[in-house]
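Before any comments, here is the structure.
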Amino acid sequence: MSASSNIININEPIKPQLPLHLFVYGTLKFGQPNQHVLLGAGGEGGAVYVSGGRTLESYPLVISSSANIPFLLNRPGLGHRIFGHIVCVRTLAALSTLDEFEACPELYQRLSVPVEALPAPESDWAVKHAGCSLPVQQPGQTVFCQIYVYSGPDEKLLRLPHLADYRSDGDHGRPYLAEVDDVASPEQLEEHEKIDAACS
C-alpha cells in the first residue's frame, strides 16, 4: 500500500460537540512554550489538561520553518506513535481560540484519532478535569481525540527527521522561536523554507 493511500480524508470539517477531547503534541503540550495559550483559551477553565497520551497509529512529526514549528503530517502509518497530552476543551470560545492559534483550517485541519491514555504528569490534573463532564480515561484506555494535522503539501516535510515526543529543548537542536512564528498558511511555510535554504 502506498503512503498516499493512507491519507485520512479531511475535506469535511469536524463539527464540534462540546466538551471534547483534544490531543496536543507540540508547543501546546504542558511544559512547552505555548502552554499559556492553551490554559488561557476562552478564559480560565476553557481548556484543561487531562492526562498523558500516545496515538494508536504512527504519524510523521517534523520540525520546519524559521520558527522551528512542529508539524504533524496527515500520513498515518508512517513515522512514530506520537506522545502528547489529552486536553478537555469545554467551551466554543476556547476551541475558537485554539483554532485561530493553529491557523485552522488554512494551515492545519482538525480530525479525530484514537489515542491511548497515559498517566498524567501532574497530580492535580484529575481535579481540574472534574468539571469537564467527560469521563476520566484510565491509563491504557482508548479515547478519541481531535488533533491538528498539517493541511498543505507535505512531500518536502516527509524528508525531515521524524520525532516521537516533541520538546522545544530536545536534542534536535531546533528550539521553537515564538518571535518569528508568523506561519499561517502552507504558502507562508514555503517562504520560510526558502529562507532556511538560502541561509544554510
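What follows is calculated from the coordinates using simple rules that are stated; it is not laboratory data. As the structure is a computational prediction, the values presented were derived from the model and not from experiment. For neighbour counting, all protein chains shown are included, and Cβ atoms are generated from backbone atoms with ideal geometry for every residue, glycine included.
Once a ≥ b ≥ c are taken as the square roots of the eigenvalues of the Cα gyration tensor of the range 37-129, is the result rounded (a/c under 1.5), prolate (a/b larger than b/c) or oblate (a/b not larger than b/c)? Oblate shape, in that a/c is at least 1.5 and b/c is the bigger or equal ratio.
Assuming a ≥ b ≥ c are the square roots of the Cα gyration tensor eigenvalues, decide whether the range 13-59 counts as rounded (a/c under 1.5), prolate (otherwise, with a/b larger than b/c) or oblate. Oblate is the answer for the range 13-59, as a/c is 1.5 or above yet b/c matches or exceeds a/b. The alpha carbon centroids of the range 80-95 and the range 35-50 are separated by 10 Å. Here the convex hull built on the C-alpha positions of the range 33-89 has a volume of 99 cubic angstrom per residue. Sorting the segments 38-45, 52-59, 24-31, 165-172 by their residues' average number of neighbouring beta-carbon atoms within 10 angstrom, most packed first, yields 24-31, 52-59, 38-45, 165-172.
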